[in-house]
Amino acid sequence: LKKMFKQNLFIERLSTDEEWYQLHPFFRSYLEARLRRESTGQWTKLHRKAREWFEQNGMPNYAIKHAIDSGDSQLLGELLEKSCYDLLINSQYMELMGWARILSDDDIMKRPKLCFAVAFNSILVHQFSEGRQLLASLVDSASVRRKLGEFSNGLPVLLGMDAAFRDDVDDAMQHCL
């Protein structure tokens, strides 16, 4: 065991200051399988505690992964909506899209910021019909636009971008002017 520990077979370093480590993926998989097999009730509790800790310590990606592993889609939706602006700013489009696909369309549409972020991503990757459907749910309500917060200035631009991709120059100019 000492030799394996010395060779970092159980853990891997996350930071250069040697303060943050995580379990090596193979060892983590072994422990997870054993925990699931021997104590199913603890699995969800542990992921909820881990999610809470990561969220409180400003690590939304890890918090989101633990929300997924706990199987709590309500919590996942809340976390994605809280984190979607930062994920977009940090160019984590694909991660956001992958996580959002776990939720139902209704779950996404009832969370304006998340809905905007997923619509933005959809248009960026040329999934126009999906993006338009999500945008339509946002545009119809002024109260929803107020809830968008940091995204509210981007809504006309996103609508204009969608119109430009559809080659509707008049509509694009109307939104962007």
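Selection over the stretch 21-59 of residues that are surrounded by 11 or more Cβ atoms within 10 Å (Cβ to Cβ) and either under 18 Å from Lys82 (Cα atoms) or not aliphatic (A, V, I, L, M) (or both) gives a count of 24.
For the stretch 126-142, filtering for residues that are of a type in the set (Ser, Thr, Tyr) and open to solvent by less than 70 Å² (accessible area, probe 1.4 Å) leaves 2. Can you find even one residue in the stretch 107-125 that is within 29 Å of Asp167 (Cα to Cα), open to solvent by 70 Å² or more (accessible area, probe 1.4 Å) and basic (Lys, Arg)? The answer is no, given that none of the residues of the stretch 107-125 is within 29 Å of Asp167 (Cα to Cα), open to solvent by 70 Å² or more (accessible area, probe 1.4 Å) and basic (Lys, Arg). List the residue pairs whose Cβ atoms are under 6 Å apart, where the first residue sits in the stretch 79-106 and is in contact (Cβ under 8 Å) with a residue 12 or more places away in the chain, the second is open to solvent by 80 Å² or more (accessible area, probe 1.4 Å), and the two are 6 or more positions apart or on different chains. Listed by first residue and then by second, the contacts come to Tyr85/Glu150. Filtered by the rule that a residue be open to solvent by less than 50 Å² (accessible area, probe 1.4 Å) and not in a helix (DSSP H, G or I), the stretch 60-99 gives Asp72, Gln92.
Among the candidates Arg34, Arg13, which residue alone is modelled with pLDDT of 85 or more and more than 23 Å from the chain's Cα centre (by Cα)? Talk me through it step by step, then tell me what you get.
Details: Arg13 fails: modelled with pLDDT of 85 or more.
Result of the check over Arg34, Arg13: Arg34.
The values are calculated or read from the model by the stated rules, or taken from the named source; none is laboratory data. Keep in mind it's a predicted model, so treat the numbers as computed, not measured. Cβ coordinates were reconstructed from backbone atoms using ideal geometry, including for glycine residues, and neighbour counts include every protein chain displayed. In case anyone asks, the SASA skips ligands and DNA or RNA and just uses the protein heavy atoms, side chains included. Shrake-Rupley method; radii C 1.70, N 1.55, O 1.52, S 1.80 Å.
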